Structure formats: structure tokens, C-alpha cells
Amino acid sequence: MISNNEIPLKKRLIAVGIDYLVIIGFLVILFALFSIFYLVFLDGVPEYSSLESQLLATFTSVIPIIFIFTYLESSGKSFGKNKAGLTIHFTRSKGKSALIRNIIKFLPWQLGHMGTIHGVYNDFDIWSNILSIVSVSLLIILLGMAFFRSDKRHLGDILAGTQVQLK
């Protein structure tokens, strides 16, 4: 690991921005497919319970994105890292490390889903607000660590034994 990792902030922002554009593209395709399915086969969107909505969001968006980025990072790099000239250095098993890293990296997103979905079904009660606050707080912590620590590692990198480095 490099203790004073000289990745420019601009490169990290480019990598994050491109990766999130990829995620948005995936979500747009997912929305289109579900819309077509609902309209063609179910004659509209069915009513879901809070739990069903939570599970649908988790299993159709969050988990696939975690696995997609785990595959990309364990076999080289994500689209954003590739474009920004970055790579991930692994000190342990690539697959396991990439999975741990991405579970932590996308945890704020999952918590945000949980807070929003719970809020929609429960008039944004205290639990939805707590989940949303924890989600945003964790996101800020992860981004702050990745951008401003001297080794540029966030919590997922530390737990997984990884580090984003310049090529």
C-alpha cells in the first residue's frame, strides 16, 4: 500500500462520475424493462407492500450493481477508473476483496433506498429519517476518506485490503 497516495482529486471525481453514469444507465434500462413488463403482462403496476418494495429494490438494483462492480474491479477496473487512469491494488483474494469493498461502497445507497421506501409507506416517520441520515452520513464519510486521507482509502478499502492507485 502507498501511504502517501498522490491521486489527484480530479481523477477520483472523474472515476466516480463515470461509474455513477454507468449505474444510472443500468437503472434506466431496468426501469424500461419493468415498465414494459408491467404494461404488457400485468396491465399496470401492481401494489406492493413495504417489504415487497424493499426486496424488489434490493434484488433488482443494489445487489446486481454490487456484483457488476465486483466483477469489473476484480478483473481489472471499473469504467470510471479505467477512464481516469486508476487501478485497484489488492493485497488479498481479488474476488472476495472486491466484493467486500463494493458492499461497503454501496451500503449508503441501500440504506437510502430503505429510508425512502419506508418513508413512502409510513409518512416519513422517525425510522425513515434515521435511515436517510445514516445513509448520507456514511456516504460523506466514505467520500471524505477516499478523497482526503493520505492513502486515499475508504472504509471498504481498509476492510478489503485494497487501494485505488494511479496506473
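Only the coordinates and a few stated rules stand behind these numbers; no lab work does. Predicted model, so just to flag it, every value in this text is computed and none were measured. Here the Cβ is made from the backbone with ideal geometry for all residues, glycine too, and neighbour counts use every protein chain on show.
Brief remarks follow.
- Loop trypsin sites (Lys or Arg not before Pro), segment 38-139, which have at most 12 other Cβ atoms in a 10 Å radius of their Cβ (DSSP): Arg92
- Here is how the number arises for the chain: DSSP H runs of 4 or more residues each give -39500 (n - 2.57), the sum is divided by the residue count, and the result at 222 nm is -23000 deg cm²/dmol.
- Relative pair counts by distance (%), Cα atoms of the chain, 5 Å bins: 2, 9, 14, 19, 18, 14, 10, 7, 4, 2, 0, 0
- Exposure proxy order (Cβ contacts within 10 Å, fewest to most) of Thr91, Thr70: Thr91, Thr70
- Helix 126-148 and the longest principal axis of the Cα set of the chain meet at an angle near 20°.
- Among the chymotrypsin sites (Phe, Trp or Tyr not before Pro) in segment 70-141, those placed in a DSSP loop whose Cβ has at most 14 other Cβ atoms within 10 Å are Phe124.
- Positive-pole candidate from Gln54, Gly112, Leu142, dipole of the chain, charges at beta carbon: Leu142
- Of Val62, Val164, Val45, Val136, the sequence from fewest to most neighbouring Cβ atoms within 10 angstrom is Val45, Val136, Val62, Val164.
- D_trans [Stokes-Einstein, Kirkwood Rh over alpha-carbon pairs] for segment 96-167, 10 °C, 1.306 mPa s, µm² s⁻¹: 122
- Between the C-alpha center of segment 15-88 and that of segment 91-167 there is a gap of 16 Å.
- Seen against the Cα atoms of the chain and their longest principal axis, helix 63-74 is set at about 20 degrees.
- Within the listed set Gly95, Gly44, Gly17, the Gaussian network model of the chain (springs between alpha-carbon atoms below 10 Å) gives the highest mean-square fluctuation for Gly44.
- Close amide H pairs (under 5 Å, H built 1.01 Å from N) link His89 with Gln163, Val164, Gln165, residues at least 5 positions away or on another chain.
- Fewest-first sequence of Met145, Met114, Met1 by Cβ atoms within 10 Å of each Cβ: Met1, Met145, Met114
- Taking the longest Cα principal axis of the chain as reference, the axis of helix 9-41 is set at about 20 degrees.
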